[in-house]
Structure formats: structure tokens, C-alpha cells
């Protein structure tokens, strides 16, 4: 499948995710290490409203007292506030809302089928009010297109109740580069040349740098300027703190898939 329309329109669904998770958590070698959700794709994308796979996974995690971290661009996370609240009361969950821009018109064409920036901020507030630690992730920061919003996003997130912030710089590996540049040609043609030039300036003349430690931050003057601005405003709005540690000591294997309990 392509990284363009195929990626947006063809969703591979793991209907038995909860059963497989239950099976893995029952392995003798598993010690309850924190599981990060949404590492590849958003666990609250639109089809989750109907399929409820993420919710079924959270139910298993709550039963097992399994700690987890969630990253999402969708306010649908609030549907599971009951489970997240129960997990949070045991120090078992963090939720991070990813915000690329506060410009609703830009987000509508750049991140279709995701929640509006205002809805994401409201989600942060609702999570905070329910006792769920919530942070904000500025990802990706796009040089020449969204990097001027760093201060505004951090201010809005702090006001909404976020307790921490992080960011990652845009990188365009392999076939993603042409797709993004084509998107610029269609939706932001006047910005195309400047954005491409600045992206290359942060990745040694290329659209991507896969080196660990560089790929998410970039290097050289422009990337250093973004990093300095982020540090400055994260400190100003008290978002330069770490999220509270999750408690991995509470883990206990859940019921086995066949319903069999554990003797010890």
C-alpha cells in the first residue's frame, strides 16, 4: 500500500487485540513494564468509535493493573474517561494530546478526521478534572509553517491544564517526502519553497535524518532556534516538568483467555 491515500483510507484492524494482550500479559516472563499505545497509529482514530478495540484493551490493562501511556490527536479519548480515571487513581496511565497547530483551517486540511485544536484542548481539561495526568506533544513542528505557534500552543495547553510538554521536528522519510511536498503544492503553494528549504536546513540538506538523537530534533541553526524557543516557553508556562512516574509494581496477570484464574 502507498503512504498516501492508502494510508488514509485502508485501515488494518486487529479485532482480537484484547485477547492477544491478555495472552501476552499472562506470559511468565512479563513483569508489567509500561506499554506505550499509539506508537505507530492513533488508537482513537475514527473507526475506534464503532469498533471499541482500544476500550477493550484498556479494560484488560485495568484488570491487570498494567501501566500505559497514550498519545492521541482525538478527543474520543474522553469516551473512556471512566477507565482512564480508574487507572490514574492507581498511577497507571498518562495521556498526551498531540497538537500541531491552533489554526483550525490548517488542521482541517493537514490532519483530516482528527479533532479540532479546541476539542483537543478541552480534552486536556477534562482529563485533568478527572485526575488523569495530561501532557501536550507539539508534533510535528513544521519549519516555516507551524513553528511560529510554539508559544501560543504551549500557553493554551497550560491554560487547559497540561502538566508537561514535548515536541518533535518534522521529518520526511522515503516516500513521505513527495507526498508532503505535493500537499504543500496543493494547500500552501506560497509556503512550499520556504518550508522545504527550512526542513532541509534542519536535516543536513535532506528531508530526513534517521540518526538516533537527530531524527526528532534536527540540527544546525534553525533547529537549534526551535529547541531554544521551546525550552523558553515551556519553562515560562511551567510545562518543563516530567510527568509523574507510573507504578509498575502493581501489575498482576489478568484472567487467562480461557477464564482460568491464577493459583498464586
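The table below lists the values:
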quantity	calculated
Relative contact order (%) - the stretch 14-243, alpha-carbon pairs under 8 angstrom, separation at least six	15
Inter-part distance where the stretch 176-193 and the stretch 24-52 are each reduced to a Cα centre, Å	33
Cα gyration tensor category, rounded, prolate or oblate, for the stretch 14-243 with a/c compared to 1.5	prolate
Relative packing of peptides 17-28, 88-99 - highest average C-beta neighbours within 10 Å first	88-99, 17-28
nm² value of the averaged projected area, convex hull over the Cα atoms of the stretch 117-193	6.0
GNM top mover of 251, 212, 233 - the chain, alpha-carbon springs below 10 Å	212
Alpha carbon centroid spacing (whole Å) that separates the stretch 198-224 from the stretch 64-99	32
Spacing of the two label points (7 Å from each Cα toward its C-beta) at residue 197 and residue 129, in nm	4.7
Packing-based order for 33-46, 60-73, 180-193, using average beta carbon neighbours within 10 Å, highest first	60-73, 33-46, 180-193
Taking only Cα atoms of the stretch 36-133, radius of gyration then Dmax in Å	13.2, 42
At R0 = 30 Å, FRET efficiency that the Cβ-Cβ distance of residue 151 and residue 175 yields, to 0.05	0.35
Base-10 log of normalised Debye intensity for the stretch 165-227 (one unit scatterer per alpha-carbon) at q = 0.19, 0.25 Å⁻¹	-0.70, -1.07
Distance-filtered residues of the stretch 1-37 - backbone nitrogen under 13 Å, label point 7 angstrom along residue 47 Cα→Cβ	6-17
Relative contact order (percent, whole number), the stretch 108-264, Cα cutoff 8 Å, 6+ residue spacing	24
D (Stokes-Einstein, µm²/s), Kirkwood Cα radius, the stretch 11-56, 0.890 mPa s at 25 °C	206
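No lab work stands behind these numbers, since they all come straight from the coordinates. Computed from a predicted structure; not experimentally measured. Cβ coordinates were reconstructed from backbone atoms using ideal geometry, including for glycine residues, and neighbour counts include every protein chain displayed.
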